[in-house]
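The values are calculated or read from the model by the stated rules, or taken from the named source; none is laboratory data. The structure displayed is predicted, hence computed values, not measured ones. Here the Cβ positions follow ideal geometry from the backbone for every residue, glycine too, while neighbour counts run over all protein chains shown. What goes into the accessible areas is simple: the full protein's heavy atoms, side chains included, and nothing from ligands, DNA or RNA. Shrake-Rupley method; radii C 1.70, N 1.55, O 1.52, S 1.80 Å.
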Amino acid sequence: DQQVKQNSPSLSVQEGRISILNCDYTNSMFDYFLWYKKYPAEGPTFLISISSIKDKNEDGRFTVFLNKSAKHLSLHIVPSQPGDSAVYFCAASVTDSWGKLQFGAGTQVVVTP
Amino acid sequence: SAVISQKPSRDICQRGTSLTIQCQVDSQVTMMFWYRQQPGQSLTLIATANQGSEATYESGFVIDKFPISRPNLTFSTLTVSNMSPEDSSIYLCSAGTGDYEQYFGPGTRLTVT
């Protein structure tokens, strides 16, 4: 049962434009959400996170938005750069679950010049 | 943050054999996790490893197939036992530093023939 879903397997965006990645979840107990970026042959690297008490968190070019009522979060990358080309995973966790993460299937982002 | 290393980085193994994957963290961490990423799929949590206690396995994973050791706060091993081609995956370890963020190793790419 996939509780975290990324329905877009791929996204192509021009350099300098905005990338918007979407993630939906079904478990209302999730209260912490994270985005990871993964390059080929490397492990995922932490990008940005958001707690369920917030609806927005920003870190440089990366902003995560959370809509709890819709069980939806999104990652905005502005402006997109060629180095952003990677697979992006959405992950979710429940308090008191020892930090266990459930991951979405990932979205492959390609930033073109 | 934490820096994670894994050995081996890749291996090709014969059906019926076992492989032990090592995970080393550059600092003491409470929680370590083992994930599997099958081709084209997301990361699936295999088990959570606490120092000094038995690993906690997720549904669908059992200790006889994936025995885990956690002898100290910086090291863990995962053994993939009696391998079959279905075990061909990338195996990743991660470390939790007390909050929700996890830091991942580069992964071990396993091919079973």
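Some observations on this one:
- Think of each Lys and Arg Cβ as +1 and each Asp and Glu Cβ as -1; about the Cα centre, that makes the dipole of chain A roughly 100 debye.
- Accessible area buried at the B-A interface, both sides summed, 1.4 Å probe (Å², nearest 100): 1700
- Our compactness index for chain A, the C-alpha radius of gyration over the empirical 2.2 N^0.38 Å, is 1.01.
- Here the peptides A:20-27, A:100-107, A:66-73, B:105-112 are ranked by packing, the mean other Cβ count within 10 Å, and the order with the highest first is A:100-107, B:105-112, A:20-27, A:66-73.
- Paramagnetic reach from residue B:17 in region B:69-86 [backbone N under 16 Å; point 7 Å along Cα→Cβ]: B:79-86
- When the Cα positions of B:14, B:3, A:2 are compared along the charge dipole of the protein assembly as shown, B:14 comes out farthest toward the positive end, with charges on each C-beta of Lys, Arg, Asp and Glu.
- For region B:1-47, heavy-atom accessible area (probe 1.4 Å) falls by no less than 50 Å² from the chain alone to the full protein assembly at B:42, B:43.
- Counting only other chain Cβ atoms within 10 Å of each residue's Cβ, the peptide A:98-109 averages 5.
- Part-to-part distance (alpha-carbon centres) for region A:1-52 and region B:42-113, which is given in Å: 22
- Share of carbon and sulfur in the accessible heavy-atom surface of chain A [1.4 Å probe, %]: 50
- Burial of 30 Å² or greater, region A:31-77 residues [accessible area, probe 1.4 Å, versus chain by itself]: A:32, A:36, A:38, A:43, A:44, A:46
- In plain terms, the bigger the Kirkwood radius, the slower the diffusion; for region A:45-100, with that radius from Cα pairs, at 4 °C and 1.567 mPa s, Stokes-Einstein puts D at 102 µm²/s.
- Close amide H pairs (under 5 Å, H built 1.01 Å from N) link residue B:63 with no residue at least 5 positions away or on another chain.
- Residue among B:111, B:27, B:51 farthest towards the positive dipole end of chain B, charges placed on Cβ: B:111
- Rounded to the nearest 20, the Cβ-based charge dipole of region B:36-113 about its Cα centre (Lys and Arg +1, Asp and Glu -1) stands at 180 debye.
- The H on the amide N of residue B:112, modeled in the peptide plane, is under 5 Å from the matching H of B:13, B:88, each at least 5 residues off or on a different chain.
- For the protein assembly as shown, the extents of the C-alpha atoms along the principal axes are 49, 38, 33 Å, listed from largest to smallest.
- All C-alpha pair distances within chain B, sorted into 5 Å bins from zero, spread as 2, 13, 24, 26, 20, 10, 4, 1 percent across the bins.
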